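Data block below; observations after.
No lab work stands behind these numbers, since they all come straight from the coordinates. Predicted, not measured: the structure shown is a model, and the values here were computed from it. As a convention, Cβ positions derive from the backbone with ideal geometry for all residues, glycine included, and neighbour counts pool all protein chains shown.
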Amino acid sequence: MHPINNTNPFKSFIFKSSILRIFIGFILLYLLMAVVFSGIYIVIVDKDITTYKNILEFSLLSSFSFNAELDNVTTDIFYIINFLHQVLALIVSTIFTAAIVLKFFYLPTFFVFKKKCNYIEGSNTITISLYNSINIFVTDCRIRIYGRMECIDENGKKALQNINNNEPIFEKIYPFMETHLATRLKLEFNDNDEIYNMLVSKDSKNKKFDLIILIQANASNLDSSVYEVYKYTLDGNNIEKTIDFHSHNSIELDYDNYSKSEGWDVFDK
């Protein structure tokens with residue numbers, strides 16, 4: 001069911017936050033944990049005011065996963081609470097490490113493509129539909145489409161050849177790619193193109209043709225640019241697997257929330 005939402009709240013927070021904000025957020029979380037467990041230790045250990053400083057110091061060190069000991073405490077309940085404290089501190093430290101790795105080394109899959117391209121018989125245009133599925137604003141999105149086909153090389157062996165002298169057969173820059181706003185790529189061809197032979201000519205059996213889509217874009221607060229690749233394979237023996245021979249269905253926009261627009265239920269039809 002469309003629109004697909006690939007936004008994980010934790011990942012979205014990490015992607016949208018600066019590294020300083022992440023550090024401050026986790027330090028505050030460690031401090032909060034230290035304060036909470038200090039109160040618990042005070043209740044179960046000793047209510048003497050002279051022990052508060054030692055307990056707070058012990059709780060802070062434990063929260064930051066440093067080695068710490070509290071003198072003259074041997075009760076079983078203390079060791080149980082301290083064990084839970086250490087486990088929670090380890091979990092928070094693991095999440096913090098994961099957040100740093102996520103921020104610098106991982107990018108989500110932004111774009112969702114319609115399963116098939118659309119083509120109206122008698123026309124000279126293929127329509128490719130896609131949308132941004134991540135709750136991050138994408139700008140300066142450059143989309144290029146290359147054509148690649150199977151061929152026979154000079155030695156009579158099967159090979160792959162890029163058409164159009166290795167130049168893109170479609171290229172356009174979209175200033176904005178908002179979340180759940182469908183974009184239609186209009187790929188035009190003429191009578192001399194391999195795409196024409198594949199879709200219109202009767203001489204297309206046993207031929208395969210790839211449409212390779214390269215996407216480069218910027219996304220707010222990401223420390224690296226977006227780069228994604230998608231491919232449609234047009235098989236002359238089973239062209240219906242990739243091509244819908246009718247116009248794409250329209251989506252009536254809800255400008256307040258694109259995901260609530262009407263028509264998503266037929267996006268893939």
The computed P(r) of the stretch 111-266 puts the percent of Cα pairs beyond 24 Å at 40
Other residues with Cβ under 9 Å from the Cβ of Tyr146 give, with Lys and Arg +1 and Asp and Glu -1, a net charge of 0
Percent antiparallel among DSSP beta bridges confined to the stretch 118-194, rounded to 5, stands at 95
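Looking at this model, which pairs from Lys103/Lys260; Lys103/Lys231; Lys231/Lys269 are more than 25 angstrom apart at the alpha-carbon? Mind showing how you got there, number by number?
Working: Lys103/Lys260 30 Å; Lys103/Lys231 27 Å; Lys231/Lys269 19 Å.
The answer is Lys103/Lys260; Lys103/Lys231.
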All alpha-carbon distances of the chain, grouped into 5 Å bins from 0, give the whole-percent distribution 1, 5, 10, 12, 11, 10, 8, 7, 6, 6, 5, 5, 4, 4, 3, 2, 1, 0, 0
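Could you tell me which chymotrypsin sites (Phe, Trp or Tyr not before Pro) in the stretch 76-121 are loop residues by DSSP with no more than 14 other beta carbons within 10 angstrom of their beta carbon?
Those satisfying the criteria are Tyr106.
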Mean separation of Cα contacts under 8 Å (at least 6 apart) over the residue count of the stretch 111-266, i.e. the relative contact order in percent, is 27
Result row for the chain, helices from DSSP H with C-alpha axial extent 24 Å or more and mean Kyte hydropathy at least 0.5, is 19-44, 76-105
Once Lys and Arg are counted +1 and Asp and Glu -1 for all other residues with Cβ under 13 Å from that of Phe10, the total becomes +3
With +1 at each Lys and Arg Cβ and -1 at each Asp and Glu Cβ, the charge dipole magnitude of the chain around its Cα centre, to the nearest 20 debye, comes out at 280
Computed on Cα atoms, Rg of the stretch 1-95 relative to 2.2 N^0.38 Å comes out at 1.41
